[in-house]
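We did not get these values from a lab; they are worked out from the coordinates using the rules stated. Bear in mind that the values here come from a model prediction, so they are computed numbers and not experimental data. Note that we place each Cβ from the backbone using ideal geometry, even for glycine, and neighbour counts take in every protein chain shown.
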Ligand SMILES: NC(=O)c1ccc[n+]([C@@H]2O[C@H](COP(=O)([O-])OP(=O)(O)OC[C@H]3O[C@@H](n4cnc5c(N)ncnc54)[C@H](O)[C@@H]3O)[C@@H](O)[C@H]2O)c1
Ligand SMILES: O=C(O)C(=O)C[C@]1(C(=O)O)C=C[C@@H](O)C=C1
């Protein structure tokens with residue numbers, strides 16, 4: 001594959017385009033909003049000039065409800081030999097593509113399971129898809145060249161292909177993406193009118209749970225409209241759990257000791273079920289979940305400190321598996337939590353302290 005067109009140069013389109021240009025492919029960028037395409041080009045994601053002939057693959061990266069319409073336009077123009085999309089729901093776009101009588105042999109549905117709570121090209125990252133699952137939903141009439149082009153796209157973006165049926169995909173993402181999005185929004189919604197003194201105490205817990213509550217409402221109405229029934233079923237089950245949790249909490253306040261014990265058992269049960277569910281989430285690259293240790297470094301809020309820290313961790317021969325940065329309101333320092341393999345904690349802590357870093361015990 002040498003030439004690609006990205007139609008829709010928002011977060012996902014531009015991230016894919018950046019990954020592909022870095023691999024030496026020629027990427028042609030277009031968007032209904034010319035500013036978005038120009039911005040993506042200025043980031044090095046490709047060129048805004050149209051291709052002279054059909055490109056090898058066109059990636060339709062527009063909101064889910066527009067996939068059918070935009071694909072129809074691309075196929076009418078003969079933009080590419082093969083087409084894919086990246087929409088967060090798969091059955092709806094596929095039904096629309098069929099209803100519009102489009103060429104289904106040269107179109108394959110796709111969905112990278114990576115994103116951000118921000119939209120637009122400026123939020124794009126070339127490494128957004130690295131190590132992440134990327135679902136492909138071929139049908140019996142998908143032609144082999146199209147499947148291969150999509151597999152090559154996934155590989156070039158550093159992601160892991162997962163072939164699934166569109167309906168099974170939609171049921172799965174209802175559980176691991178769509179319901180969690182609404183639950184995050186519901187938790188964040190409690191903060192809407194909360195007292196400022198409470199908000200100022202926000203630590204990492206509430207930040208972790210509410211990060212995706214900053215996502216685009218318009219995009220999510222579009223996504224949830226195409227998967228509403230399954231998501232509603234999951235939230236109904238959550239509502240039952242919530243009811244039981246409230247009952248357990250009330251019991252914890254009872255004067256009767258037996259009732260209090262039952263309440264504690266109820267809360268412990270929900271915590272344990274949560275532990276079990278959380279531990280099933282795969283680690284990097286789809287590998288079994290790995291237990292990393294956390295080393296917390298206190299960092300002065302000055303330019304370049306983070307880069308210097310990462311450089312020195314690298315010089316100590318330690319691989320950073322994940323990183324979380326916690327800034328407390330009104331503080332001039334941040335806490336950088338480095339997730340590293342358990343075996344390297346001791347030498348890392350010693351090495352960093354020798355180099356003058358404040359490492360928390
Ligand atoms: N945001 C995420 O976390 C995420 C993750 C995976 C997949 N997706 C899916 O990727 C797709 C794009 O999402 P995004 O987050 O990049 O959104 P975005 O809002 O950042 O970008 C969408 C872009 O599509 C453009 N567009 C709209 N109509 C168009 C048209 N008719 N022709 C050409 N361009 C048009 C918009 O101008 C915008 O630049 C969606 O289908 C979404 O479901 C999103
Ligand atoms: O991490 C985020 O910010 C996301 O929005 C990612 C996320 C997800 O739920 O995992 C959101 C929707 C997409 O369809 C795929 C990925």
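Measuring nothing but how far apart in sequence close Cα pairs (under 8 Å, 6+ apart) lie, relative to its length, the range 1-116 scores a relative contact order of 25 percent. Rounded to two decimals, the Cα radius of gyration of the range 3-164 over 2.2 N^0.38 Å is 0.91. Starting at 0 and stepping by 5 Å, how many percent of the alpha carbon pairs of the range 12-90 end up in each bin? Using 5 Å bins, I get a P(r) of 3, 16, 26, 28, 20, 6, 0 for the range 12-90.
Using a 10 angstrom cutoff on alpha carbons, build the Gaussian network for the chain and name the most mobile of 283, 92, 205. Judging by the Gaussian network model, the answer is 205. Volume of the convex hull of the chain (Cα atoms only), normalised per residue: 179 Å³. For the chain, take the longest principal axis of its alpha carbons; what is the angle in degrees between that and the long axis of helix 257-279, to the nearest 10 within 0 to 90? Long axis of 257-279 versus the principal axis of the chain: about 40 degrees. Using only alpha-carbon positions in the range 157-211, the gyration tensor eigenvalues give semi-axes of 33, 14, 6 Å once each is multiplied by 5 and square-rooted (largest first). In the range 171-279, the alpha-carbon atoms span a convex hull of 132 Å³ per residue. Against the chain, whose longest principal axis comes from its Cα atoms, helix 345-354 is set at around 80 degrees.
Computed from the Cβ-Cβ distance with R0 of 41 Å, the FRET efficiency linking residue 163 to residue 267 stands at 0.50. Hey, what angle do you get for helix 228-252 against the long axis of the chain, alpha-carbon based, 0 to 90 degrees rounded to 10? It is inclined by approximately 0 degrees. Rg to Rh for the range 84-167: what is it, with Cα atoms only and Rh by Kirkwood? For the range 84-167, the value is 0.98. Most simply put, the chain has about 50% antiparallel DSSP beta bridges, counting only bridges with both residues inside it. Out of every Cα-Cα pair that the range 293-359 contains, those further apart than 19 angstrom amount to 24 percent.
Packing around the peptides 227-234, 10-17, taken as the average count of other Cβ atoms within 10 Å per residue, puts them in this order, highest first: 10-17, 227-234.
Working from Cα pairs under 8 Å separated by at least six residues, relative contact order for the chain is 12 percent. Among 346, 69, 90, the largest mean-square fluctuation in a Gaussian network model of the chain (Cα springs under 10 Å) belongs to 346. Treating each Cα of the range 133-232 as an identical point scatterer and ignoring solvent, apply the Debye formula and state log10 I(q)/I(0) at q = 0.18, 0.19, 0.21 Å⁻¹. Calculated log10 I(q)/I(0) at the listed q: -0.96, -1.01, -1.10.
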